[in-house]
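J.: Take a look at this one; I'll ask things after.
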Amino acid sequence: MAITVNGTKVDPPGDMRVSLLDFLRDDLHLTGTKIGCNQGACGACTVLIDGERVLSCLTLAAQADGREVTTIEGLAEGDALHAVQAAFVDHDGLQCGYCTPGQVCAATALLNELRTGSPSYVTGDLTAAAPLTAEEIRERLSGNLCRCGAHNGIVSAVLALAEART
Amino acid sequence: MSTLQNVLIGSVRTAVGWLPEGWLPGGRPDPLIGRHGAVGRQSALSDAPEKVTGAARFAADVAVDGLCHAALVHAPITRGRITRLDTTAAEAAPGVVAVVTHRNMPRVDSPALIGLSNPSAVGNSDLPILQDDRVHYNGQVVAAVVAETQAQADHAATLLDIGYEVTKAPTDFATAKASARTIPTLLYEPTQRAEGDAEADLSTSRYAVDAIYTTPWQTHNAIELHALTVIWEGDRLTVHDATQMIAPTATALAKMFGLKRENVRVLSPFVGGGFGGKGFWDHHVIAVAAARLAGRPLRLRLTREGVYRVVGGRSQTEQRVALGADAEGRFTALIHTGTSVMPPYSCSPEAFTLGTRAMYRSGSYLYSQRHADMAVVPNTFMRAPGEAVGTFAVESAVDELAHEMGIDPIELRLRNLPEVHPVTGVRFSQHALDQAYRDGAARFGWAERPATPGERRDGEWRIGMGCASGSFPYVRLPGASVRITLHRDGTAAVACSAQDMGMGTATVQTQHAADRLGLTPETVRFVSGDSDLPPAPAAGGSGQTASIAGAVMAASAKLVGELIRLAGNASPLAGLRAEDLHFDRAGLVAREDPARHESFAAILARANREEVSVTASGAVPMEMFRYAMHSTSAIFAEVRVSDVTGEVRVTRMLGSFDCGTILNPRTAASQFRGGMIMGLGLALTEETLYDERTGRIMNPSLADYHVPAHLDVPPIDVIWTGIPDPRTPLGARGIGEIGTTGVAAAIANAVFNATGKRVRDLPLTLDKVL
Amino acid sequence: MTVLRYSRAADLAEAVSAGQEARLLGGGTNLIDLMRKGVERPQHLLDVSRLPAGIDETEDGGLLIGGALSNAALAADPRIRAHYPMLSRAVLAGASAQIRNMATVAGNLMQRTRCPYFADVAGASCNRRVPGSGCDAQGGVSRYTAVLGTSKSCIAAHPSDMAVALVALDAVVCLEGPAGPRRLAITDFHLLPGDSPEKETALAPGEVISGVVLPPSSLAARSAYRKVRDRASYAFALVSVAAGLRLEAGRIAEARIALGGVGTVPWRAARAEALLIGAEPTPELFARAADAELAEAETQPATAFKPELARRTLRAVLTTLAEDAA
């Protein structure tokens, strides 16, 4: 068994009840992934598995066996910020910074979902491509709670990126 | 808080009133006011890159060798005694290092309760912490289990066998209210204030409204879970903490564990949100004690459920607001009274009538409030305590009165703005709420609001607009100190134990120090988050920026003297005294002759010094006593309300603020928006639900306690008057909490405008609109 | 959470053979949370989330959805979006994008109630969790409890959005068990609490949900799902309505309605449907149908609003569908 974390193969934990979140944080010291509820209710622990966003608190580390896990530490190449990270800085999409890694990971996946044409609950015509609106971004990011109130900045950061890509 | 404190504060206020203005801090306006420098410029959070890359290390992120992990056990009963306590199975579980109960917990005193008399007091409760077999409220911690891994600790915590004898406890508000008590003081004010016979005036008023408004329990719910990483080395204690009171926590832990203060270090460079909730609670004491018992570095991170059980929130309130007005809309009577919960072991009165006292003048008034004893986790301050819920009541009532009179609610407010503080009679330091309203109304398009409710619709959605005033007092906390160090390379460091929870404290103080010292922001470093640094007070009361700014002013004044001494006779500045000099161009300059200048680097080089360092505390905040100082706001909201379901969706909001100088438009706008979004949650969705039969919180989760999600949060426009307050450092007043005030009323008033339905009970859920 | 064994099923047969001893793990979005809360205490988890799963067309023109298909993949599938929009939207109404990526179709059908007393192992009595222990939800914090299909033992609401749409679509649950495969109408899959609320589904010991069949439907392509909740997103339903209408010559030829948030099981509104069929679509008719469906609702003080909310939402959804169909 092996999990690929940010491009590096690692052995899964021996204790099978360990969540991917605890494994990343406690065993691999990848503490950029945050724990906000451990209940699947806040999105702070969002990571990408094979490019799709998931909650690492409700994923057993063992379930990631054979998969590619990307955490906030693995988004950027080299020292430069990843485009999503840079946009969050430019648009003041953060305050305390605690929900931020989860928001950034979720936004990264969201941009891909928009590209593949996945609908959301607020998409009017499910058979057409979702329009690029703030409401679409807001619905698609609603799984990531923010308590400081950086919502406007986060949404404008993601919307700007999405518009730039179309 | 005591009657004595009332007397003391009252007499200081009287004495200060006699002093000439020049003797007071703020008597002569801060010379930086109105100067174009780094202050006032847009600047992103200085630590944003660390935060977006996950590199920022929060309290539970610190890597330590040999770390063990703790899990807490909470009482499932509300009041009683432990009658059976068997730890055998837990102790035998794999990986368990220690089980801590009242039997083996070191004897520690309870922390001193937060109060005006002792700035380093941190206690939200004075109940014993794991000292005996008694349970006072549901969820109280009764044991901690320490193990090698978090999974082992969590599992072993379920293996404790604890039996209880249950006794009766007050758990429902209606009953507790009947025996509520009145305490003499609400924070800094007498609880009761009255002028004339308000009840009688109300009954004879041309127009009158008289209603009860209720608001629910709320929990701060910072996304970061409270956590400590504790390291003992002999008698030295290091705590990586998630706290908004770094220095006071170090002082409290030193006292409780019998340590020298200099041997206790609390580090909290990043805090994942506070909002009043990241104070000092039982888990601090338990974690520090458990680490000592375990003989190992230890991490204790509350579970989300644990946050609800250990950390109290905003009390529920039941408020009466009655307003009488004459034919011209002048208030003849204003009554704001009511009840909130504060168990005898807690110290945070939900002071919902304080804001009202400064907001309106009235021919007569009556302010008073009572505190009900309930068996609950000690309630505490939560963003804009008092005003957040107090403005809901009074600003709803004003809207009701305006509707009854058939006049615009803004006009009614403007007619009743006070010229001086209506209760104390002292002057406002600066007050331009009228301008905030005019600017806000114009920008929001208030003129499009139909005066008659229920006139605008889009399909099944009714559309309405509402507005309300917000208010929050200025505070500059005593005891703030900073160290300024100038280096020979021309850079400076400003250091204190301040806490930055994302408000932009470091960013703004860097801008400030640059202007103060004649430097550029790039050459200034602000260091904070460490109790080894000169102590700053807790981040609370929206007072941190002004408090630290006052200390920077004091330290920079002291620095001038130190530089003169170092400069010596060979300096172009020789012979000049401190009052002849000011900071400019990375050095000191003669006021009368700008050509006489010497850089810090040159002074240090000649003196053969690598650096010069001074530490100073801010002046006593007498301006708070001399003037009525309040940040104010005009909040506007537009809502859509479904005719079918009663769902309320806020489509846009605008906050127009009068808070003095805005030091950094970007971080300030974020603060205002954040505060308003917490107000949005207060208005529409948030409620900590107690089962009143048992006193147990039944929604201790982010799935069941609804903080606003992205889809709930509309675009929020933020503007400000920017008029400097001549009595404060930099002309600035606090901005961290004002945003949360007024919002709930603005939304409820908008719902009324949309539907004609008046909801006086928060949260404003769809069932109340149906 | 106790120490546990984790293994991954190679195929459905292994899941069936191990199913008596192991708990099957799909996305884990509900099970892992309940294990952490101590509600569920399995010793062995058998991961079935990687069993092959797609959407295949059936011979009669319906669709067969694999049990291990993710909720996100289900909602995004062009055939579901075009021909069964109420199902796509119901899935998209549930949880968050992250959870929909993780959660499986079979796991969604198996998710357990979100009643706070069910989740509170340390502090509350719950017949569903511990049979015979009592129901603290009655008279307690009960805003999210059911008003239809309740019993003296239990008032917990079924939390799924997806299942509500499946019920309205007459879906069939495909089971694989020790005794071979069988098929079950989804309305027979979830059980009313009655005296034994702990028995939540008709699954026999060792049975595994292999898939769900959507029969061909002439009304599904113009169907709707509307969810009403306290928070605009990422919240469970107070009320939801899945509905589809087919009109012929100005009369309702076919009607499919199911309600969420109000029932102890995903609630098929059979009474309302019966009143609608053959009648002209009028506001009065829709009101009568809604009234009939909610007639036997039993409420708590905190759910007193739900029957009216359900009636209004149902009327509005039917009105929109009828307008679109006309």
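J.: On the basis of being assigned to a loop (DSSP other than H, G, I, E, B), over 30 Å from B:Gln140 (Cβ atoms) and out of contact with any His (no Cβ under 7 Å at 6 or more places or on another chain), does B:Pro385 make the cut?
T.: It is false that B:Pro385 is assigned to a loop (DSSP other than H, G, I, E, B), over 30 Å from B:Gln140 (Cβ atoms) and out of contact with any His (no Cβ under 7 Å at 6 or more places or on another chain).
J.: Then there's this: Which helices (runs of 4 or more DSSP H) sit wholly inside region A:76-154 and have at least 2 residues that are within 14 Å of chain C (Cβ to nearest Cβ) and touching a residue at least 12 places away in the same chain (Cβ under 8 Å)?
T.: The qualifying helices (runs of 4 or more DSSP H) are A:100-116, A:134-140.
J.: Can you find a residue in region B:513-527 that is under 24 Å from B:Gly731 (Cβ atoms), of a type in the set (Lys, Arg) and part of a loop (DSSP other than H, G, I, E, B)?
T.: No.
J.: Separate question: Any idea which residue in region C:38-59 is nearest to the other protein chains (Cβ to nearest Cβ), counting only those that are in a loop (DSSP other than H, G, I, E, B) and among the acidic types (Asp, Glu)?
T.: Selected residue: C:Glu40.
J.: For B:Asp530, only one of the following conditions fails: (1) surrounded by 24 or more Cβ atoms within 10 Å (Cβ to Cβ); (2) farther than 22 Å from B:Leu680 by Cβ. What is its number?
T.: Failed condition: (1).
J.: Filter region A:1-25 down to the residues that are more than 7 Å from chain B (Cβ to nearest Cβ), on the phi < 0 side of the Ramachandran plot and not aliphatic (A, V, I, L, M) and list them by number.
T.: A:Thr4, A:Thr8, A:Lys9, A:Asp11, A:Pro12, A:Pro13, A:Gly14, A:Ser19, A:Phe23, A:Arg25
J.: Looking at region C:151-158, can you tell me whether even one residue there is of a type in the set (Val, Ile, Thr) and over 30 Å from C:Glu298 (Cα atoms)?
T.: Looking for residues that are of a type in the set (Val, Ile, Thr) and over 30 Å from C:Glu298 (Cα atoms), one finds none in region C:151-158, hence no.
J.: I want to confirm something. Restricting to region B:54-95 and keeping residues that are at the interface with chain A (Cβ under 7 Å from one of its Cβ atoms) and in contact with a helix residue (DSSP H, G or I) (Cβ under 6 Å, 6 or more places away or on another chain), which single residue is surrounded by the most Cβ atoms within 10 Å (Cβ to Cβ)?
T.: The qualifying residue surrounded by the most Cβ atoms within 10 Å (Cβ to Cβ) is B:Gly54.
J.: What are the residues in region B:125-154 that are part of a strand (DSSP E or B) and over 25 Å from B:Gly695 (Cβ atoms), if any?
T.: Result: B:Val146, B:Ala147.
J.: If you scan region B:408-446, which residues turn out to be aliphatic (A, V, I, L, M) and touching a residue at least 12 places away in the same chain (Cβ under 8 Å)?
T.: The answer is B:Ile410, B:Leu412, B:Leu414, B:Leu417, B:Val420, B:Val423, B:Val426, B:Ala432, B:Leu433, B:Ala436, B:Ala441.
J.: Do you know which residues across region C:140-194 are away from chain B (no Cβ under 14 Å) and among the aromatic types (Phe, Trp, Tyr)?
T.: Within region C:140-194, just C:Phe189 meets the criteria.
J.: Another question, then. Hey, B:Val307 hits all of (1) outside any loop (DSSP other than H, G, I, E, B); (2) touching a strand residue (DSSP E or B) at 6+ places or on another chain (Cβ under 8 Å) but one; which does it fall short on?
T.: Among (1) outside any loop (DSSP other than H, G, I, E, B); (2) touching a strand residue (DSSP E or B) at 6+ places or on another chain (Cβ under 8 Å), B:Val307 violates only (2).
J.: Of these, A:Cys57, A:Cys146, A:Cys99, which one is buried (at least 24 other Cβ atoms within 10 Å of the Cβ), out of contact with any Gly (no Cβ under 7 Å at 6 or more places or on another chain) and not basic (Lys, Arg)?
T.: Matching residue, one of A:Cys57, A:Cys146, A:Cys99: A:Cys146.
J.: Applying the selection to region A:26-55, what residues are small (Gly, Ala, Ser) and within 13 Å of chain B (Cβ to nearest Cβ)?
T.: A:Gly32, A:Gly36, A:Gly40, A:Ala41, A:Gly43, A:Ala44
J.: Now for a separate question. Kindly evaluate C:Leu245 against the criterion of being over 19 Å from the mean Cα position of the chain (by Cα), away from chain A (no Cβ under 14 Å), surrounded by 22 or more Cβ atoms within 10 Å (Cβ to Cβ) and of a type outside the set (Ser, Thr, Tyr).
T.: For C:Leu245, the condition - over 19 Å from the mean Cα position of the chain (by Cα), away from chain A (no Cβ under 14 Å), surrounded by 22 or more Cβ atoms within 10 Å (Cβ to Cβ) and of a type outside the set (Ser, Thr, Tyr) - is met.
J.: With respect to the numbered conditions (1) in contact (Cβ under 8 Å) with a residue 60 or more places away in the chain; (2) closer than 30 Å to B:Gly540 by Cβ, which one is the sole condition not fulfilled by B:Pro128?
T.: (1)
J.: Only one of B:Val39, B:Val99 is away from chain A (no Cβ under 11 Å), within 25 Å of B:Trp232 (Cα to Cα) and surrounded by 24 or more Cβ atoms within 10 Å (Cβ to Cβ); which?
T.: The conditions single out B:Val99.
J.: Which pairs do you get when a residue that is within 9 Å of chain C (Cβ to nearest Cβ), found in region B:636-657, comes within reach of a residue that is at pLDDT below 95, reach meaning Cβ atoms under 9 angstrom, with the pair 6+ apart or on two chains?
T.: Filtered contacts from region B:636-657: B:Thr645/B:Leu770; B:Gly646/B:Leu770.
J.: Go through region B:493-513 and give me each residue that's among the aliphatic types (A, V, I, L, M) and crowded, with 24+ Cβ neighbours inside 10 Å.
T.: Selection gives B:Val494, B:Ala498, B:Met501, B:Met503, B:Val508, B:Ala513.
J.: So how many residues does region B:397-420 have that are touching a strand residue (DSSP E or B) at 6+ places or on another chain (Cβ under 7 Å) and either farther than 28 Å from B:Thr214 by Cβ or modelled with pLDDT under 95 (or both)?
T.: 1
J.: Among the candidates B:Ala351, B:Ala333, single out the residue that is surrounded by fewer than 24 Cβ atoms within 10 Å (Cβ to Cβ), touching an Asp or Glu at 6+ places or on another chain (Cβ under 9 Å) and outside any helix (DSSP H, G or I).
T.: B:Ala351
J.: Go through (1) touching an Asp or Glu at 6+ places or on another chain (Cβ under 7 Å); (2) under 26 Å from B:Ile662 (Cβ atoms); (3) more than 12 Å from chain A (Cβ to nearest Cβ); (4) surrounded by fewer than 21 Cβ atoms within 10 Å (Cβ to Cβ) one by one and return the number of the condition B:Ala44 breaks.
T.: (3)
J.: Could you tell me which residue of region B:42-62 is nearest to A:Val84 (Cα to Cα), considering only residues that are of a type in the set (A, V, I, L, M, F, W, C) and modelled with pLDDT of 95 or more?
T.: Within region B:42-62, the match that is nearest to A:Val84 (Cα to Cα) is B:Val52.
J.: Now for a different question. Just a yes or no: is a residue in region C:200-217 surrounded by fewer than 24 Cβ atoms within 10 Å (Cβ to Cβ) and either free of Cβ contacts under 8 Å to residues at least 12 places away in the same chain or within 14 Å of chain A (Cβ to nearest Cβ) (or both)?
T.: no
Per-residue answers, yes or no, for (1) free of Cβ contacts under 8 Å to residues at least 60 places away in the same chain; (2) in contact with a Gly (Cβ under 7 Å, 6 or more places away or on another chain); (3) within 12 Å of chain A (Cβ to nearest Cβ); (4) among the hydrophobic types (A, V, I, L, M, F, W, C):
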site	(1), (2), (3), (4)
B:Asn664	no, yes, yes, no
B:Leu680	no, no, yes, yes
B:Glu686	no, no, yes, no
B:Gly695	no, no, no, no
B:Tyr705	no, no, yes, no
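J.: Here's something else I'd like to know. What residue, among those in region A:1-21 that are closer than 26 Å to C:Asn30 by Cβ and more than 21 Å from the chain's Cα centre (by Cα), is surrounded by the fewest Cβ atoms within 10 Å (Cβ to Cβ)?
T.: A:Gly14
J.: Separate question: Quick one: in region C:18-37, of everything that is part of a loop (DSSP other than H, G, I, E, B) and more than 19 Å from A:Leu20 (Cα to Cα), which residue is modelled with the highest pLDDT? Can you show your working first?
T.: Of the residues in region C:18-37, the ones part of a loop (DSSP other than H, G, I, E, B) are C:19-22, C:26-30.
Those left that are additionally more than 19 Å from A:Leu20 (Cα to Cα): C:19-22.
Details: C:Gly19: 73, C:Gln20: 78, C:Glu21: 88, C:Ala22: 93.
Residue satisfying both the conditions and the ranking: C:Ala22.
The values are calculated or read from the model by the stated rules, or taken from the named source; none is laboratory data. Since this is a predicted model, take the numbers as computed values, not measurements. Backbone-built Cβ (ideal geometry, glycine too); neighbour counts: all protein chains shown.
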